[in-house]
Amino acid sequence: MDLRFGDSEPTDEERAAVDALLGPPESSWEGAARDGTDAADLRWARGGREARDRRDLLLPGLHALNDRIGWISEGALDYLCRRLTVPPAQAYGVATFYAMFSVRPRPATVLHVCTDLACTAAGATDLSTDVEARLGPESGVRVERGPCLGLCERAPAALVIRAGDSARPACEGGTVQAVRGSGGAAPGDGKERRGRDTPRATAVCAPATPDAAVRAATAPENAPAEPAPALAVPQAGDPALTLLERVGTADPTSLDDYRAHGGYTALRRAFALGPAGVIREVTDAGLVGRGGAAFPTGRKWQATAAQPDHPHYLVCNADESEPGTFKDRVLMEGDPYALVEAMTIAAYATGAHKGYLYLRGEYPRALTRLTHAIAQARNRGLLGDDVLGQGYAFDIEIRRGAGAYICGEETALFNSIEGYRGEPRSKPPFPVEKGLFGKPTVENNVETLVNVLPILTMGAPAYAAIGTAASTGPKLYCVSGSVDRPGVYELPFGATLGELLTLAQVRAGLRAVLLGGAAGGFVRPDELDIPLTFEGTRQAGTTLGSGVVMAFDDTVPLPRLLLRIAEFFRDESCGQCVPCRVGTVRQEEALRRIADRTGAAAAGDIDLLREVGRAMRDASICGLGQTAWNAVESAIDRLGAYE
Amino acid sequence: MTAIPLGVPRRLVEFTLDGQDARVPEGSTILEACRAAGKDVPTLCEGDTLTPKNACRVCVVEVEGARTLAPACSRRAEPGMVVRTDTERARHSRKVVLELLASSVDLSTTPSVARWIKEYEAKPDRFGPDAARVDEEPRVDNDLYVRDYGKCILCYKCVDACGDQWQNTFAISVSGRGFDARISVEQDAPLTDSACVYCGNCIEVCPTGALSFKSEFDMRAAGTWDEARQSETTTVCAYCGVGCNLTLHVQDNEIVKVTSPHDNPVTHGNLCIKGRFGYQHVQNRD
C-alpha cells in the first residue's frame, strides 16, 4: 500500500487521544514530529503483516477521538490512519458508518433521546422537544433523537455522553472511578471549560423527565446513580430463578461474592469434563442460541472445535440493539462474572485462547462492570495464561460498538471488530469455518453463554428437563410497554404469552403484542395462549426472536408504530444490498402515504408493500433486510392495521 | 489470440440446473454454470475481473432447501445441489430489485438493463412521483473523468478495483450508511485532493456509466456520443515495456476513450494513467 495523506494536522489533544491508545509514534513516518535529528527515521520501515495486524485498532482509535473531542476531524482521522497504516478513504468510510461518531464539528455533550417503540409510547417525542427548548442553542448540548437505547423497562430513556479527557476521574452514572491512570489534573480544580479540562462522563437518565434530562445533560458527572440492575428484574430474589439467580443477590462488583454464590463451579466442572465433554453436555442439554436464530449451540461449538485451522476465536455478541431488548444489559450489569465465566468455558470447549466481547456502545454501566470483572478475574488467575492453574490460556478483550444495529449480525460484527465497515458478509463460508480474521470462530450471544453455567452445574439431563422437549431450559423475556411491572422475566420454555403478561401486570385495553422486537411480529390480544417456545410460536405463524414482548394498549396509534419500525430499518440498513437499501426506503414511503388511510384507499400501497417485502425477505444479504417487513406484515394480516 | 493459463485440473461437480444435469469444474459459481448452459441470468454488480460482491441481488436463483434466494454470481455449485433459475419466486425478486434500482438511480447508460426491465415487466414508476432518488449533480472536478452519483448503484466494483483487488491505491471507499451510502474519497473531497492516481481502472469496471471519461461525458452532453459510429482497435501501449493492451474507441477519427481487454492475462483490463488517458498526442495534428 502506498498511502497518501492530506496536509491536515491533528491538534495536540487529538494526538494525545490517539497516543493514549497506541503509545507515542516511533517515527515521523507514522506521525511523530519531524525534527531532522532522528537518523533512525531514515532506516525505518513498517508495513505488510505488521500493519495489517493493527487494522483492528481502527474502531478503538475512532472511539478514543470521539470520547475525547466529541467528533473526528480530518487531521485527527489522518493521524490515526498514519499510525495504523489504514487508507484515509477507508477510515472515513468506517467513521461515517456509525451513528455515535461525527465527522463534522459538534458540541462535546450529546444527549441521545430514545424515540423507539417503548419510549415513544411513553412520551419521548414531547420529552425531546421539551428538552431541546429548555437547553436552547447556548447550552453547548446537542440533542439527538435516536434508536432504542435498551432501557425499555424504564422508558422514556436518555443517555448523555460528554467528551473529555478520560485520563481524569470520570463519573459513570454517579459512581466516580478513574478510567485510566491519573494523567490529568485533579478533579474540581476550578477549571470548567469544555473539552480538554472536562472529564469525560456519561449519564443514563431513565425514566427521563425534562428536568432530569436537562440536569443530566448540563452536569453528567453529578447525575444521580442509575437504579440497581435488580430493579429491572421483578422476580429478583425468587429462589426458582436460574439465569437471574444472582441479579440483586450477589454484588456485581465483587468476585468473592460471585464465588460465594456458586460462581466458578461450572468452570471447574468444565475442566473436569474436558473440551469434548463440555460440548457433549451442551449438546445433550439441547441448548439453542437465544439471540433469535435458535441454532443448536452444541453443534456450533463442535463444528468450530473440529476445524483444523488455528487460532480459533470466541466472540460474545453483546450488541443487543433490537428495539425492546434489554436482557443482555441486565445480565451484564447485574451478574458480569457469570458472562466472564461462561465465555471461559465456551473458549475452553472450542479451543479458543482469545475472546472478544462486542458490547454495544450505548451501555456505559455494562462497560464499567465488565471492565472491572475482567480485570478482577485476570488478577486472580481466572483469565490469563493459566486459567485456574489448568494450563489453559484465555483472555477477553472488550470491543465497544458505536451505534449500528447491523453489527449484531454475526459477520457484520466480525467486520466491525476487524476495523471495516459493519457490513454483513455473504455466507457460506460460515463463521465456524471462516469467521473473525478469517479463522474458525464461535459466536454466541450473552444469554446463550450464560445458559452454559446451569447446564454444567446441574448436568445436561436436569437442564433438558426444564421447558419442553424441543425448547429446553429457562428463557429470558424483556417485557415492556403497557404493563405495570416491566422488566426481564425468567420462565421455563412453554409458559404462555398470557402467563407472562399476567406476571408483568398487563394493563387493561390491550390492543397488540409485539413478539421478538422490530424484526418479530405482532399478535392479537386473543392469541395470548401461544406457548412461548420456538416450535409453539412457529406454529402460530410468529417468532420468539430474541425474547421481546412489548404490549401496546388501545391508546397507542398503530400506524405510527409501524412507521417507526420502518424508519428504524431504513435508518439501520447498512446499504450494501439493493433490496434492503432501497426497499426499506420504499416501505417507509408507502407507510407514510397510508398513515391515516384505511380500506380501499390503502389497498394499492399495501399490495406494493407486500411485493417489496417479499423481495426483501427473499433476496437481502442478511437478516436485517430479510426481517424488515415482518412486523408490518403481521400488523396488516393479524391486526388488520389498515382495515 | 490471448494465451489462457491452464492452472491445476479441477474435479467436476454434478448438480441439477433447472431440472437438467449440469457438470461444472469445482469452484464454479452457479452463474458460470448458467452461462455454460446458455441461460440468461441478469447481473449488474458481477464483474469478470473482480470477486463478486453480490450486492445488487438481481441474479438471485432458487436453491432447494434454502430459506432465501441465493446470488448466482457468488454461490458456488455444490454436488447434488438443486438450482432453479427461472421460478416465479426468483423472477419476482429480480423484478422488484430492478424496480427499486431504476426508481432510485438513472440506468439509461447501463447496458442490458432496459431489456431486463421489459422481460421482467418491471414498473419503476409505481413507487410514485415522490419516491426518493439519488438526484445529484455529476461531479466534474478534474479533466480526466467524471463521477455521476445519480447513476451509481453501489456495486462496489470501483472500490475493489481501486483497493486490494487491483490497483492497491485505496483512494475510494463507501461512506455513510443505508440509502445515504455513497462511494467517496476521504472527507468526501474533490478527486484532486484525494489519493486518486487516475489509473481509470474504476471506469473500466463501472457497470452503469456512473464513472466515465470526461470526453464521453462532454460528448453525451453535447449529443455527439454515438457508439454506432465508433470503431474499436486493440493495440499495444507504447509508453513502457510492459506491453499492456489498449483498446482505442474511435469516433470520427478521434480517440474518444481507451479501455483494455479483460481477458489479457497480464493486465486483466487494468491500465495506468498514461495508457488510459495519455492519448492526446496521437491526435494533436498541429
Using the Karplus curve 6.51 cos²θ - 1.76 cosθ + 1.60 with θ = phi - 60°, work out ³J(HN,Hα) for each residue of segment B:37-43 in order, rounded to whole Hz, and write x for Gly and Pro.
-> 8, x, 9, 9, 10, x, 9
What nm value, rounded to one decimal, do you get for the distance between B:Asn253 and A:Asp607 when each label is placed 7 Å out toward the C-beta?
-> 5.9 nm
So, in Å, what gap is there between the alpha-carbon centers of segment A:192-256 and segment A:529-557?
-> 29 Å
Taking 7 Å along the Cα-to-C-beta vector as the label spot, tell me the B:Ala238-A:Trp29 distance in nanometres, rounded to one decimal.
-> 4.0 nm
Loop-only check: which trypsin sites (Lys or Arg not before Pro) in segment B:85-152 are DSSP coil with at most 15 other Cβ within 10 angstrom?
-> B:Arg133
Averaged over residues of A:93-103, the number of beta carbons from other chains lying within 10 Å of each residue's Cβ is 4
Multiply the residue separation of A:Asp251 and A:Asp41 by 0.36 nm, subtract the distance between their alpha-carbon atoms, and state the gained length in nm to one decimal.
-> 70.4 nm
Peptides A:206-214, A:318-326, A:594-602: what's the order by average Cβ count within 10 Å, highest mean first?
-> A:318-326, A:206-214, A:594-602
Quote the relative contact order of segment A:192-298 in percent (integer), defining contacts as alpha-carbon pairs under 8 Å separated by 6+ residues.
-> 11 percent
Taking amide H positions as placed in the peptide plane 1.01 Å from N, state which residues far from A:Val387 in sequence (5 or more) or on other chains have amide H under 5 Å from it.
-> A:Tyr392, A:Ala393, A:Phe394
Virtual paramagnetic centre 7 Å along Cα→Cβ of A:Glu535, amide N under 18 Å, in segment A:489-507 = A:492-497
At 7 Å along the Cα-to-beta-carbon direction for both A:Asp309 and A:Asp284, put a label point, then send me their distance in nm to one decimal.
-> 3.2 nm
Per-residue HN-Hα couplings for segment B:269-285, Karplus 6.51 cos²θ - 1.76 cosθ + 1.60 at θ = phi - 60°, whole Hz, x for Gly and Pro?
-> x, 8, 9, 10, 4, 6, x, 6, 10, x, 10, 4, 5, 5, 10, 7, 9
Taking Cα atoms, the helix B:88-104 axis meets the longest principal axis of chain B at an angle in degrees (rounded to 10) of 30 degrees
Rounded to the nearest 5, what % of the DSSP beta bridges within the protein assembly as shown are antiparallel ones?
-> 65 percent
Residue-averaged beta-carbon neighbours from other chains (10 angstrom radius) around B:69-80 = 2
Net +/- balance of residues flanking A:Ala228 in space, Cβ distance below 11 Å, scoring K and R +1, D and E -1 | -2
Mean separation of Cα contacts under 8 Å (at least 6 apart) over the residue count of chain A, i.e. the relative contact order in percent, is 11 percent
What are the residues whose amide H is under 5 Å from the amide H of B:Val174, where those residues sit 5 or more places off or on another chain and H is modelled from the backbone?
-> B:Ser184
Quote the FRET efficiency, to the nearest 0.05, computed for A:Ala462 versus A:Phe430 with a Förster distance R0 of 30 Å and r equal to the Cβ-Cβ distance.
-> 0.45
For the modelled label position 7 Å from the Cα of A:Asp526 along Cα-to-Cβ, which residues of segment A:624-643 have backbone nitrogen atoms closer than 17 Å?
-> A:635-643
Can you give the charge dipole size of the protein assembly as shown about its Cα centre, rounded to the nearest 20 debye, using +1 on the beta carbon of Lys and Arg and -1 on the beta carbon of Asp and Glu?
-> 900 debye
With a Förster radius of 51 Å, plug the Cβ-Cβ distance of B:Glu32 and A:Asp130 into 1/(1 + (r/R0)^6) and report the FRET value to the nearest 0.05.
-> 0.25
Span from the segment A:599-614 Cα centroid across to the segment A:394-469 one, whole angstrom = 37 Å
Please give the average number of partner chain Cβ atoms lying within 10 Å of the Cβ of each residue in B:55-64, rounded to a whole number.
-> 3
Rounded to the nearest 0.05, what FRET efficiency do A:Ala219 and A:Arg104 give with R0 = 22 Å and r taken as the Cβ-Cβ distance? Could you check?
-> 0.30
Which part of segment A:225-251 falls in the paramagnetic zone of A:Asp484, meaning amide N under 18 Å from the point 7 Å along Cα-to-beta-carbon?
-> A:232-236
Hey, can you grab everything whose amide H is under 5 Å from the amide H of A:Asn445? Only 5+ residues off in sequence or another chain; H modelled, so Pro and N-termini drop out.
-> A:Arg290, A:Gly291, A:Asn317
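Since every read-out is calculated from the coordinates, none of them should be taken as a lab result. Small disclaimer: the values here were computed from a predicted structure and weren't measured. Reconstructed Cβ throughout: ideal geometry from the backbone, glycine too, with neighbour counts over all protein chains shown.
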